[in-house]
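Participant: First the structure, which I've put down as structure tokens, then a few questions once you've had a look.
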Amino acid sequence: MITDLIASTTVGAGGTSSIEFTSIPGTYTDLVILLSARTTAASDVPRLRANTYISEFNKSNVFFSNGATVSSFSDTSNTYVQIGTIPGTSWSANSFCNVLIQLPNYAGTTYAKTYKTRTTSKDSGANQEARLTGTGFTSFTAAITSVQITSANTFAQYTTAYLYGTLKGSGGATVTVV
Amino acid sequence: MALTKIIVNCETGVSEEIELTAEEIAQLEADKAQGELDAAAAQAEADRIEALKVSARAKLVAGEALTAEEASLLIG
């Protein structure tokens, strides 16, 4: 498997409410987004959208833990993908979360898009943590050419976002389904 | 301070920061309201499960009958 860095950005001193990657090339197999984030609010739950679609995220199942309890729920809000809790002013000053978002077969046009997210937040000082794993599907089949990660508040300075493209490998045995 | 978004054009490599439109700000507000509802629902669910576990453990120790949901929580 080959992984290429397509684009990246780092949030400056003024913060920002949204990070968008546009004109994504359709030459890869899957997309992977790595986010290291913090908010200027007490905490936040960022949202992921693709191609600026607002109401095509049908359903996701989310499993989350705050360290003491593991819970799950089905998110049928269908307007965005919840990424998970990111630290803010109610967490220690240097606490950032790690977010991994996978968008397989993003350039295909036959099947509805699916996605997977994993987020880990751990307070470097106080005993505070959050973990979220989510998977879901959408109702749109169009190729993904842009992604938007939005904060209901503001992403803090030094928040970073990296967009990677992965290519399936070559070689290996060929499997024929009959 | 105006709300902004960072746009990174993957084709050109150009990155720019621009102000959000009124429509985008309205969408952010709607997202925020929905997020608060989602967080409340998630916390309520977590609290409900924790309460069920406490109840199930107590019943198990006391030799009392568990509900089907309590039993499922303990042993799947």
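The values are calculated or read from the model by the stated rules, or taken from the named source; none is laboratory data. Bear in mind that the values here come from a model prediction, so they are computed numbers and not experimental data. When we count neighbours, we look across all protein chains shown, and the Cβ atoms used for this are built from the backbone with ideal geometry, even at glycine. Calculation scope for accessible area: heavy atoms of the full protein, side chains included, ligands and nucleic acids excluded. Shrake-Rupley method; radii C 1.70, N 1.55, O 1.52, S 1.80 Å.
Participant: With the solvent-accessible surface defined on protein heavy atoms using a 1.4 Å probe, which residues belonging to segment A:1-32 display a reduction of at least 50 Å² in accessible area in the multichain context relative to the isolated chain?
Facilitator: By number: A:Ser17, A:Glu20, A:Thr22, A:Ser23.
Participant: Using a 10 Å cut-off on Cβ to Cβ distances, tally the other chain neighbours for every residue of A:137-150 and report the average as a whole number.
Facilitator: Working: counts 0, 0, 0, 0, 0, 0, 0, 0, 2, 4, 1, 3, 2, 7.
Average per residue, whole number: 1.
Participant: At a probe size of 1.4 Å, how large is the accessible area of A:Thr176, to the nearest 10 Å²?
Facilitator: My reading of the accessible area for A:Thr176 is about 110 Å².
Participant: Determine how large the accessible area of A:Val70 is when every protein chain is in place; take a 1.4 Å probe and give Å² rounded to the nearest 10.
Facilitator: For A:Val70, the solvent-accessible surface is approximately 100 Å².
Participant: Round to a whole number: what % of the accessible area of chain B belongs to carbon and sulfur, probe 1.4 Å?
Facilitator: Details: 2880 of 4900 Å².
C and S fraction of accessible area: 59 percent.
Participant: Am I reading the A/B interface right? What is its buried accessible area, both sides, 1.4 Å probe, to the nearest 100 Å²? Working shown, then result.
Facilitator: Values: alone 8970 and 6050 Å², together 12790 Å².
Chains A and B together bury approximately 2200 Å².
Participant: Let me ask another. What Kirkwood hydrodynamic radius, in Å, does the protein assembly as shown give when the mean of 1/r is taken over all pairs of distinct Cα atoms and then inverted?
Facilitator: Working: mean 1/r = 0.0508 Å⁻¹.
Computed over the protein assembly as shown, the radius equals 19.7 Å.
Participant: Got a sec? Charge dipole of chain B, +1 on Cβ for Lys and Arg, -1 for Asp and Glu; which of B:Leu73, B:Gly63, B:Leu3 is way out at the positive end?
Facilitator: B:Gly63
Participant: Then there's this: For chain B, report the accessible area per residue in Å² (1.4 Å probe, heavy atoms, rounded to an integer).
Facilitator: Values: 4900 Å² over 76 residues.
Accessible area per residue: 64 Å².
Participant: In whole angstrom, and with the biggest value first, how far do the Cα coordinates of chain B range along each principal axis?
Facilitator: 67, 27, 19
Participant: Taking R0 as 41 Å, what's the FRET efficiency between A:Ser23 and A:Ser65 from their Cβ-Cβ distance, rounded to 0.05? The partial results should precede the final answer.
Facilitator: Numbers: r = 37 Å, r/R0 = 0.90.
That pair, A:Ser23 with A:Ser65, gives E of 0.65.
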